[in-house]
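First the structure, in the form of structure tokens, and then the observations on it.
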Amino acid sequence: MNTTLKTYAVRLFPQVAALVVILLMVSIAFPGFFRLEMQNGRLYGSLIDILNRGAPVALLAIGMTVVIATKGIDLSVGAVMAICGAVAAACITAGYGLAMTLLITIGTGLLCGLWNGLLVAVLDIQPIIATLVLMVAGRGIAQLITEGAILTFNDSGLIFIGSGSFLGLPMPVVIWLVFGLAVALIVRRTALGMLIEALGVNRRASMLSGVSTGVLLIAAYVLSGLCAALAGIIAAADIRGADANNAGLWLELDAILAVVVGGTSLLGGRFSIAASLLGALIIQSINTGILLSGFPPEFNLIIKAAIIVLILVIQSPRAQSAFVFLSRPQAAASKTGEETK
Amino acid sequence: MQPASSYILSATGIDKIFPGAKALNRVDFSLRRGEVHALLGENGAGKSTLVKCLTGAYRRDGGRILVDGADVDPQSTLEAQNLGIGTVYQEVNLLSNLTVAENLFLGRQPKRFGLVDAREMNRRARALLAEYDLDIDVTAELAAYSVAVQQVVAIARAVDLSGKVLILDEPTASLDTHEVAMLFRIVRRLKERGLGIVFITHFLEQVYAISDRITVLRNGQLVGTRETADLPRRDLIAMMLGRELVQEVAGEHGAKGEAGPVRFRFRGFGRKGHIQPFDLDVGAGEVVGIAGLLGSGRTETAEILFGAERADSGTAERDGRTLDLSSPRAAIREKFGFCPEDRKVDGIVGDLSVRENIALALQARRGWARPISRGEQDRLADHYIKALDIRTSDREKPIKLLSGGNQQKAILARWLATNPDFLILDEPTRGIDVGAHAEIIRLIESLCEKGMSLIVISSELEELVAYSSRVIVLRDRAHVAELTGSAVTTDGIVEAIAASAGRADP
Amino acid sequence: MNPRYLPLTATIAIFLIAYAVCIAQYPNMLSTRVIGNLLTDNAFLGIAAVGMTFVILSGGIDLSIGAVIAFTGVLLAVLLQSTAIHPLAAFVLALAVTTAFGALMGAIIHHLEMPPFIVTLAGMFLARGMAFVLSIDSIPIKHPFYATLKSVYYKLPGGGRITLIGGLMLLVFAAGILIAHRTRFGANIYALGGGTATARLMGVPIGRTTVMIYALSGFLAGLSGIVFSLYTSAGYSLATVGVELDAIAAVVIGGTLLTGGSGFVAGTLVGILIQGLIQTYITFDGSLSSWWTKILIGLLLFAFILLQKGLILATDRRRRHA
């Protein structure tokens, strides 16, 4: 157990360190950054804000991590968010109960994931192309459901998911924390994690070892669809309406980014959901931090781009071999770091 | 011996070392002007490594290469091309999405007014191919043509670009008789033009039909170079498959001979286009060896037995009960195991640790919901690392960092962990060092003693003889002979392959 | 028929059938005016899509073009607003910047061996961010030279107009076809898409070609930005979001294989026209909503992916039995 903890610590160190550095930098520019207040049984503060605003990307990143671990990618999650938000709003305004609405919405997300999974696993279409179809058509479908307008609702139950609180934390935070923990536990406490990693590294060898590669692939995209459904519900509940045009717009890119920042390779294999969630928080901290520190928000994207490039360069195989070459004495240390990745 | 200048290409003392294995050990090879020189050997013998050293795809670690008597050191295939050495591979290394003419002239397209002159290019392409009696639409995509035509286009390009040495790496593997004849006409014509041609193949009939001399490699070593006319087929096979036995191993055949009752029974088992239907019985505690030259259907036999390719005829039974071998997953449920020939592609999961690689098949069989606990995995890995003497600094090391022999042992461990009753080993000792080699042979014998049924495919005949109670001989994707009891000798196997090889014409 | 022309033929057939259906329902759509507008309205997209075609033919992808178009527009607007330089000089400057930007991305992709998807994603953020830094407002361009350029057109019989930008798009397509089929660079692009390893064996300069492909895409995105600023007479950093997606869709619907190596620049033009036609039809109809565009394009994408998958399978099978 001790060694496992140590492995986790080593694996998550770069992301934790990056997050801490970013938070500290923001706190220098914005002194009240770490302040937390309790009002009406709910915590308020910038940190809570980051957790809350980052909820959709964090949720998407959970499914995206698993998909990327299988050597795939899911471009459709933003569009699926929009579809699910629209379905939720349409159901609730049509008079279905909250439970039924959630059921239908989540079912929709699962169906979208199944579609992607079938294209990838059965028709053997490259993931980036397979999910492009739903990425393009999905937003149109969402608009079809809302008929182009922002479909508002005032069902208190649904709204609670977006702006309510539980144990002092905003509901979206609770949802992504619980869901992330649940998926991470399921994946790591069962053999799923290892089988998915094996599939991502070498599909044929895994198949020859008896791994049900097809089922696993489909499951990964279905999970991604489920995550998109949850994110879509939260996004809709947050604004008390479904905005088919803007809900989840370009969030697939942020989710992919969160996974990449979390150190999971786009080439598949080793993955860490915790690291991807930290990646999502890093992205949100940059966004919120730039806003709070009074830095012109225009610089947001440039800083984001610079950070990605930095992280990617560090991760690139060429750069890594250069590092090893330059730092022979520490080569042993950096190697152990690599192995745990 | 002719004077050195008559050699258009000569390589002496070529060494090539890969991490964990010496792929070429002081190999000499020479090529005369206007000769067809067959380069033979089993997979992993070092043929392609030698070719890659000659064509600059690999940097050699020692030795000299002379082209027309001058020292050369090609750093890339392009440089080798400019030195006059052209290569055509089995999997045609042209771009099937470009037109025939573009493939012939890529990078040197004729220009007019700064633009590619497509008409001129097509005209030249047609003229070039006319020399090879090929009259095709050069503006069509290469993919539109058969492999044979693609092969000729590749030869035309290689000869046009280089013009001294042409290396043909398994050019006939997927051609029919008629196409082979066409290819040979072209080879003879090029030979008359004074080119030196290196011909790599595993069809012995073709070797005798076209080659002037033969060089045989085995385990990265030169076995010998002979004039084709002076080398009987039987001797050639013996050269390729080897007769010098690792004495240590041969001394101790303990297990063989005492096969139990038949436990696994296959009848009319086969798949169209892969392997003709065959019958096979395997007893408990028996090793059945499979011998045959490369391409004879050895791996296909293994794949169909394991469900990697689904059989379309025949039945499989265990003690009278029908077996489901429709997929590897189903086969594993029937307690089958399979160590594939191509470790890197089909065997190891490179980025995962030795521990995870060992646990993979067992875990897959148990299903995802019943994970093997970390403690169990550690015990499993440690047990096999010790039992099979897998050399790794620790069990968490990514398996891709291990040497070939240790990777092979880890894959073996993966299957042993599932406690199989029927284990298929496809070339278990290929490309691994001598020490690991002997250990794996000992392991096969001890598994057999414990009552496991094994199928072992190997091109090392001494090895097969040492542990097999019976040997099946394959040719042309069919089982052609079965040797039992005292007939299981290297000579017997060589004879069976040669006899059947002599029977049919290509 | 040569199967390589099948996707292109399918694209053209779909366009002709769709146009025929449109005319049957709204005879007014058969006019040079509609065609002229189709060209003008889609000029910026078409020019950018030519660059995207080359990138995809080589087996890559370029997500940055929408952001680069917006950046170019803002850059021009800011330059013309706050300096006295002539628009033509500003054009040259903008093109130099965007070409260098594309070349840089190509160099990173090649030398750091990073996936084009992520590199150009970072490029997208960077370009959009630079546009924001220049200005977050929509800046109108009132330079008289713009009005001059906008007044240039060629009058077609029937009242339609080929505007400067519409004509420019056709020219770019012509140049693109020339590059693809009549230059060594063009052959090298196809070669790269056919397989990097084989292309290298056959002597294709991989690094140089990769850099040039992304530089060309950057150049065309810049040109597209100029056209877009002419079209809207403004520069706005939030403009042309998602244009890369439309361009990718046009390329795929145009019959180019997303995995690279197979396709035609001309097909992309038809792909653009199909997308434009769907929009025109929806405008003519008045009751149909714009989201049908996306759904239809998604369906077309799916159909083409299936068609190409089938073609690849058929080719494989034929070769195996050859």
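Each reported figure results from applying straightforward, stated rules to the coordinates on display, with no laboratory input. If you're wondering where the values come from, they're calculated on a predicted model, not measured in any experiment. As a convention, Cβ positions derive from the backbone with ideal geometry for all residues, glycine included, and neighbour counts pool all protein chains shown.
In table form, for the structure just shown:
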| quantity | calculated |
| --- | --- |
| Aspartates and glutamates with Cα under 18 Å of B:LYS52, excluding same-chain neighbours fewer than 8 positions away | B:ASP15, B:ASP28, B:GLU42, B:ASP61, B:ASP71, B:ASP73, B:GLU79, B:GLU91, B:ASP169, B:GLU170 |
| Nearby lysines by direct alpha-carbon distance to B:LYS47 (threshold 26 angstrom, same-chain neighbours under 8 apart not counted) | B:LYS16, B:LYS22, B:LYS164, B:LYS191, B:LYS344, B:LYS400, B:LYS409 |
| Inter-site label distance for C:LEU30 and B:THR322 at 7 Å from Cα along Cβ, in nm | 6.5 nm |
| Taking B:HIS178, C:HIS181, B:HIS479 and counting other C-beta atoms within 10 Å, the order from fewest to most | B:HIS178, C:HIS181, B:HIS479 |
| Estimated FRET transfer efficiency when R0 is 41 angstrom, pair C:TYR5-B:ASP279 (beta carbons, to 0.05) | 0.25 |
| Neighbour cut-off at most 14 other Cβ (10 Å), DSSP loop, trypsin sites (Lys or Arg not before Pro), segment B:7-74 | B:ARG59 |
| Debye intensity ratio I(q)/I(0), log10, the protein assembly as shown, q values 0.05 Å⁻¹ (C-alpha model) | -0.40 |
| Candidate lysines - alpha carbon under 29 Å from A:LYS304, same-chain residues fewer than 8 apart omitted | A:LYS71, A:LYS335, A:LYS341 |
| Loop GluC sites (Glu not before Pro), segment B:27-93 (other Cβ atoms within 10 Å of the site Cβ: 13 or fewer; DSSP) | B:GLU91 |
| Over chain B, relative contact order from alpha-carbon pairs under 8 Å, at least 6 apart, % | 16 percent |
| Residues A:PHE13, C:PHE117, C:PHE71, sorted so that the one with the fewest Cβ neighbours within 10 Å comes first | A:PHE13, C:PHE117, C:PHE71 |
| Overall form of chain C per C-alpha gyration tensor (a/c, 1.5; a/b vs b/c) | oblate |
| GNM flexibility winner over chain C from C:LEU126, C:LEU201, C:LEU171 (Cα, springs under 10 Å) | C:LEU201 |
| Top of C:TYR214, C:TYR236, C:TYR281 by mean-square fluctuation, Gaussian network on chain C, Cα under 10 Å | C:TYR281 |
| Inter-part distance where segment B:332-379 and segment A:1-55 are each reduced to a Cα centre, Å | 38 Å |
| If the convex hull is drawn through the Cα atoms of segment B:350-419, its volume per residue in Å³ | 75 Å³ |
| Peptide-level mean, for B:97-103, of C-beta atoms on other protein chains within 10 Å | 5 |
| Value in Å of the Kirkwood radius, where chain B supplies the Cα pairs that are averaged | 24.7 Å |
| For segment B:44-104 versus segment C:77-112, the gap between their alpha-carbon centres in whole angstrom | 43 Å |
| Part-to-part distance (alpha-carbon centres) for segment B:413-429 and segment A:142-180, which is given in Å | 53 Å |
| Shape call, segment C:43-190: gyration tensor on alpha carbons, a/c limit 1.5 | oblate |
| Residue with peak Gaussian network fluctuation, chain C [Cα springs, cutoff 10 Å], from C:THR32, C:THR283, C:THR210 | C:THR283 |
| Mean residue ellipticity (222 nm) of the protein assembly as shown, computed from DSSP H runs ≥ 4 via -39,500 (n - 2.57), nearest 500 | -18500 deg cm²/dmol |
| Kyte-Doolittle mean at least 0.5 and Cα axial length at least 18 Å: DSSP H helices in chain A | A:2-29, A:55-69, A:77-93, A:98-121, A:127-146, A:171-189, A:213-239, A:273-292, A:299-315 |
| At most 16 other Cβ within 10 Å, DSSP loop - trypsin sites (Lys or Arg not before Pro), segment B:351-455 | B:ARG391, B:LYS450 |
| Cα gyration tensor, segment B:154-206 - rounded (a/c under 1.5), prolate or oblate | prolate |
| Mean Kyte hydropathy of 1.0 or more with a Cα span along the axis of at least 15 Å, helices from DSSP in chain B | B:147-161 |
| Relative contact order computed over segment B:350-419 (Cα-Cα under 8 Å; 6+ residues apart), in percent | 50 percent |
| Label-reachable residues, segment B:325-341, where backbone N falls under 17 Å from a point 7 Å from A:VAL215's Cα toward its Cβ | B:325-335 |
